[in-house]
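Trainee: Please find one structure pasted underneath; my questions will follow.
The values are calculated or read from the model by the stated rules, or taken from the named source; none is laboratory data. Because the structure is predicted, anything quoted here is derived from the model rather than measured. Virtual Cβ from ideal backbone geometry, glycine too; neighbours counted across all protein chains shown. SASA here: full protein model, heavy atoms, side chains in, ligands and nucleic acids out. Shrake-Rupley method; radii C 1.70, N 1.55, O 1.52, S 1.80 Å.
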Amino acid sequence: MTTTVYPARKIVTMNPARPHATHVAVRDGRIVGAGTLDELAGWGAYTLDDRFADKVLMPGLVEGHSHAMEGSFWAYVYCGYFDRMDPEGTVWTGLKSIDEIVARLREAADRLESPTAPLAGWSLDAIYYGGRRVDRHDLDRVSTGRAVGVLNASGHILNVNSKALEMAGLLKPGIDHPGIPLGKDGLPTGEMKGPDAMAPLGPHTGFDRDLLACDEPGLRRFARLCVRTGVTTAADLANTLPDDAVDMMLRVTAEPGYPARIVALRRFYGVTPEELIERVLDLRERSHDNLRLGVIKVVADGSIQGFSARLRWPGYYNGAPEGLWYIPPEHLLEIYERALAAGVQVHTHTNGDEATALALDCVEAALRKHPSPDHRFTLQHCQLADSAQFRRMARLGVGVNLFPNHHFYWGDQHYGITVGPERAERMNACATALATGVPLAIHSDAPVTPLGPLFTAWCAVNRRTATGRTLGEHERIGVADALRTITLGAAYTFKLDGEIGSIETGKRADFAVLEDDPETVGGEALKDVRIWGTVQGGRIFPAAEI
Amino acid sequence: MAPGGKRPGPPQLPLPVTVVGGYLGAGKTTLINAMLRRAGGRRLAIMVNEFGALPIDSSLIEAADDRIVTLTGGCVCCSYGEDMVSSLAMLAALDPRPDHVLLEASGVAFPGAIAGTVGLLQDFVLDGTVVLADAETVQRRAADRYIGSTVRQQFAQADLILLNKCDLAADPDAVEAWLGEAAPDVRTVRARQADVPISVVLGARSGGPAKLVGGPFDHTGGFVSAMLNPPAGADPGALARLLADPAHRLLRAKGFVRRGDGAMAAIQVVGNRWTVTEAPAEARSGLVCIGLKGQVDVAAVRREVAEAATVRTGTDTP
């Protein structure tokens, strides 16, 4: 097999022994070595390929918490306030007024052949329209003959038109439900708040399927988005992985042209903890290079902006009740114990600090029963952990994958409404994690916020909110730390750091191919680094051709 | 009947849904199995959302396919997971349609939130929310640093609390007194092995007196059932409010009354909750009330119902 040597303007290796190189040699989809041409020539015959001569190579970026349904959502109409790039590379401009939202939806409705098919939109962010809420009359301007439903960016509100309400039998007076505001006419305004109020509308607006399942076109679109954002390995973090989905994912990700490695976690759902372990052990055996299976995801609580995260005293800043548990502590403990006994890794969603406290209590108890070096249990989001909890994580060997994108998208709301100034400034405490030695990754939770590790790194470095506030100067991290976090840091959380995350001898030939140098553009410009494409397992994927 | 067509029939009454809540170990599964065993011809549809293994006695299972488990006596069971609305719709579309849905909430769910969603659905009516408490452990659970507030809120959202495992509790009286403070005005029924008459959990069947038959741990000696006959012309809303008044301590009341305009109305009372809906014209007037013996003064209820009806119609008032 031939060796190809790529010269590059700069190679950022993440290997502290030689942090930079001028050339990288690739054979059989893996890295033979990184260094000077002279050094690499010692490996024998090679072909020189200078297509990256003016590019900067980084280890392929690793998104440690996303959902492949980001790809599926692009089948719906994007209604977000911020510009967002779709899998085909088109940047959809953010919609700055309700009229613009209506216009975009109407355009999409006009393209539908059936006059009665529902129209679904996503990523609306109602907080940006000057206190004016989107109501059914707005969406009636899109259509009165078909149901129209637009999911909020947070995923916790569904805005619908009159037709959708009528189809659900809810266009009537006298409804008394905390999640259904009524207009002056006594009828619902069309804003359905929270899963309980949203549920009856789902089947009429095209949102009835399991939102965390991914379909085949979605899985393909997701990978194209990976290429455009420099990602070569991405988590599909909460799939229930039914057999047919696993078969489909195994097939699609094994295709020669599929450009990403998917780490698909099995969400705890619909089985007993005992069955769950059996299932993931079986799944683990079915893994191939581009689809890694065999890790468990458990959800402990809800979300902060949905007021369903479990907060410790004194709770929410606006006085909302203390949130929801999604799993009884007994079940969490049982899963941890069985997983440790079987050598299976568990990632746990904990948004609120009380959920984090419970998870740590359970990890500690389970570890006492089944002492397990290198279990690498990881807390996902873990947004509100305080420094004592980070110290405890360090002692227990628990890692975190924090969510700095929240600073930009909801930081102002966290400061003013959900958790208040003090906890908003400490949330997603990246600097504390590094200082206490807790293994750190950072994530987008796409489609909740856009996929893009360099943007996430920018969020961790600057902690800037949408209105420009710096949300906790003390928790900012440096560019070098941020870049390590979106490569080796995320790889570590899946026990893949020996395989990916740095450009070193023996590792997978996964590169993010960049036009700009993230080490020198400065923290302010990190999100604007231009991405040419990726190399994944030695295969070259230019974004322009994906 | 046209080939492939659906038999035209009278519009169906909404399908009643009873939400069963309570923390792990409180006895939700035991209760559901007890209800299935004494369904007595009612076609019950069970919806479960506890993890994994189907919480139904294997002796009750006749057949199973992907979505539905067929049980003895025309009953069915399915698990609903995150798709409660479409699972309910699937059950309502079964032929023959079930008579009543028992929807088991997960151990950490708020039954009130589920009940709220059921209340929004067309073709369904919320019958009530029954929350079980494990008499042996409930006070400890309610004080737990993590799940205490969840457990306490579950009780506050109940229409009826089933204080289960009373045989295992050192001092059931003390537990019941404590519950009375934790969830004021919510009626509590004591049980062991979740053994209570089906008409307490699901309401009486329309048209006849409630059969208060339990199982091997029968406490039915402790219940009282009475048939009331409110005169025509009574205000159904006022009657329902009266029957739901905590002072009367009724567990359930159900039946039909004739309005002043001659139309029939259905009254349904579970603890403090009451609903009045339209009823078919052929419905027979009469109200079945169920309560705990020693708590309910049937004569007093009867008297007040008669007085309320009288005041409303005004025929006897000078």
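Trainee: Which order do the peptides A:342-352, A:43-53 come out in when sorted by mean C-beta neighbours inside 10 angstrom, highest first?
Mentor: A:342-352, A:43-53
Trainee: Expressed as an acute angle from 0 to 90° and rounded to the nearest 10, what is the orientation of the C-alpha long axis of helix A:329-342 relative to the principal long axis of chain A?
Mentor: That works out to roughly 20 degrees.
Trainee: If you don't mind, there's one more thing I want to ask. Compute the distance in nm between two label points, each set 7 Å from the Cα along the Cα-to-Cβ direction, one at A:E515 and one at A:E100.
Mentor: Between A:E515 and A:E100, the simple spin-label model gives 2.3 nm.
Trainee: Can you work out the FRET efficiency for the pair A:D528 and A:E274, with r the C-beta to C-beta distance and R0 = 35 Å, to the nearest 0.05?
Mentor: 0.10
Trainee: Follow-up question, since we're still on this one. Just to be sure I understand the interface: list residues from the range B:63-98 that lose 40 Å² or more of accessible area between the chain on its own and the complete protein assembly, 1.4 Å probe.
Mentor: Residues passing the criterion (a loss of at least 40 Å², heavy atoms only) are B:E82, B:V85.
Trainee: Additional query: Straight-line reach from B:K28: which aspartates and glutamates have Cα under 16 Å away, leaving out those fewer than 8 places along the same chain?
Mentor: B:E50, B:D57, B:E104, B:D134, B:E136, B:D159, B:D195
Trainee: For A:L95, list long-range residues whose amide hydrogen, built 1.01 Å from N in the peptide plane, is under 5 Å from its own amide hydrogen.
Mentor: HN-HN under 5 Å from A:L95: A:G80, A:Y81, A:F82.
Trainee: Using 14 Å as the cut-off for backbone N distance, which residues of the range A:266-298 belong to the label zone defined by a point 7 Å from the Cα of A:D243 along Cα→Cβ?
Mentor: Label zone hits: A:279, A:283.
Trainee: By its C-alpha gyration tensor, with a ≥ b ≥ c as the square roots of the eigenvalues, how is chain B shaped: rounded for a/c under 1.5, else prolate for a/b larger than b/c, else oblate?
Mentor: oblate
Trainee: Further, regarding this structure: Counting Lys +1, Arg +1, Asp -1, Glu -1, what net charge surrounds B:L160 among other residues with beta carbon under 13 Å of its beta carbon?
Mentor: +2
Trainee: What distance in nm separates the two pseudo spin-label positions at A:T47 and A:D110, each 7 Å out from Cα along the beta-carbon direction?
Mentor: Calculated label separation equals 5.0 nm.
Trainee: Using Cα centres only, tell me the gap between the range B:16-81 and the range A:473-529 in whole Å.
Mentor: What the calculation gives is 51 Å, centre to centre.
Trainee: Which residues, if any, in the range A:319-342 have at least 20 Å² less accessible area in the whole protein complex than in the isolated chain, probe 1.4 Å?
Mentor: With the partner chains in place, the range A:319-342 has these residues losing at least 20 Å²: A:E322, A:L324, A:W325, A:P328, A:P329, A:E330, A:H331.
Trainee: Hey, rough spin-label estimate for B:E82 and A:A320, points 7 angstrom out along Cα→Cβ, what's it come to in nanometres?
Mentor: Inter-label distance under the simple model: 1.9 nm.
Trainee: For the range A:276-328 and the range A:404-438, what is the centre-to-centre distance using only Cα atoms, to the nearest Å?
Mentor: 19
Trainee: Where the accessible area of the protein assembly as shown is counted over protein heavy atoms with a 1.4 Å probe, how much of it, in %, is carbon and sulfur?
Mentor: Roughly 52 percent, rounded to a whole number.
Trainee: Hey, what did chain A get for relative contact order, percent, Cα under 8 Å, at least 6 apart?
Mentor: 17
Trainee: Over chain A, with a single point scatterer placed on each C-alpha, what log10 of the ratio I(q)/I(0) does the Debye formula yield at q = 0.06, 0.08, 0.11 1/Å?
Mentor: Here log10 of I(q) over I(0) equals -0.29, -0.52, -0.99.
Trainee: What number, in nm² with one decimal, is the all-direction average of the projected area of the convex hull of the alpha-carbon atoms of the range A:270-381?
Mentor: 7.9
Trainee: So what is the relative contact order for chain B, in percent, with contacts set as C-alpha pairs under 8 Å and at least six apart?
Mentor: RCO, chain B: 15 percent.
Trainee: How large are Rg and Dmax for the range A:1-139 when calculated on the C-alpha trace, in angstrom?
Mentor: Cα radius of gyration and Dmax of the range A:1-139 are 24.1, 71 Å respectively.
Trainee: Rounded to the nearest Å, what's the spacing between the alpha carbon centres of the range B:91-140 and the range A:100-157? Just the number, please.
Mentor: Cα centroid of the range B:91-140 versus Cα centroid of the range A:100-157: 32 Å apart.
Trainee: Tally the DSSP beta bridges in chain A and give the antiparallel ones as a percent, rounded to 5.
Mentor: 45
Trainee: Provide the buried accessible surface between chains B and A in square angstrom, both chains summed, 1.4 Å probe, rounded to the nearest 100.
Mentor: For B against A, buried area totals roughly 2400 Å².
Trainee: Moving on to the next point. Return the loop-located trypsin sites (Lys or Arg not before Pro) in the range B:57-155 (DSSP other than H, G, I, E, B) with at most 15 other Cβ atoms within 10 Å of their own Cβ; answer none if there are none.
Mentor: B:R67, B:R145
Trainee: Given all pairs of different Cα atoms, what value in angstroms does the Kirkwood hydrodynamic radius of the range A:216-536 take?
Mentor: About 19.9 Å, per the Kirkwood formula over Cα pairs.
Trainee: Here's a follow-up. Kindly provide the helix-only [θ] at 222 nm of the protein assembly as shown, computed as the sum of -39,500 (n - 2.57) over DSSP H runs of four or more divided by all residues, to the nearest 500 deg cm²/dmol?
Mentor: Estimated from H runs of four or more residues: -8000 deg cm²/dmol.
Trainee: Right, another one. With an 8 Å cut-off on Cα pairs and a minimum separation of 6 or more residues, tell me the relative contact order of the range A:54-195 in percent.
Mentor: In percent, rounded to a whole number, it is 17.
Trainee: Moving on to the next point. Leaving out same-chain residues fewer than 8 places away, which lysines sit with a Cα under 21 Å from that of A:K495?
Mentor: Excluding near neighbours in sequence, the set is A:K297, A:K507.
Trainee: If the reach is capped at under 24 angstrom between alpha carbons, list the lysines near A:K163, excluding any in the same chain fewer than eight residues apart.
Mentor: Partners found: A:K172, A:K184, A:K193.
Trainee: Here is a follow-up. For the range A:181-241, which trypsin sites (Lys or Arg not before Pro) are both in a DSSP coil and crowded by at most 15 other Cβ atoms within 10 Å?
Mentor: Listed in order of number, the matching sites are A:K184, A:R209.
Trainee: Here's a follow-up. How large is the accessible surface per residue of the protein assembly as shown, computed with a 1.4 Å probe and reported in Å² as a whole number?
Mentor: For the protein assembly as shown, the per-residue accessible area is 38 Å².
Trainee: When the chain is fully extended, how far beyond the present Cα-Cα distance does A:T2 get from A:V91, taking 0.36 nm per residue of separation?
Mentor: The span from A:T2 to A:V91 would gain 28.2 nm if fully extended.
Trainee: What is the extension gain from B:D245 to B:A281, computed as 0.36 nm multiplied by their sequence separation minus the C-alpha to C-alpha distance, in nm to one decimal?
Mentor: That works out to 10.2 nm of additional length.
Trainee: While we're looking at this one, here's another question. Restricting to chain B, what percent of DSSP beta bridges are antiparallel, rounded to 5?
Mentor: If we restrict to bridges inside chain B, about 50 percent are antiparallel.
Trainee: Based on the Cα coordinates of the range B:220-313, what is the per residue volume of their convex hull in Å³?
Mentor: Looking at the range B:220-313, the number lands at 80 Å³ per residue.
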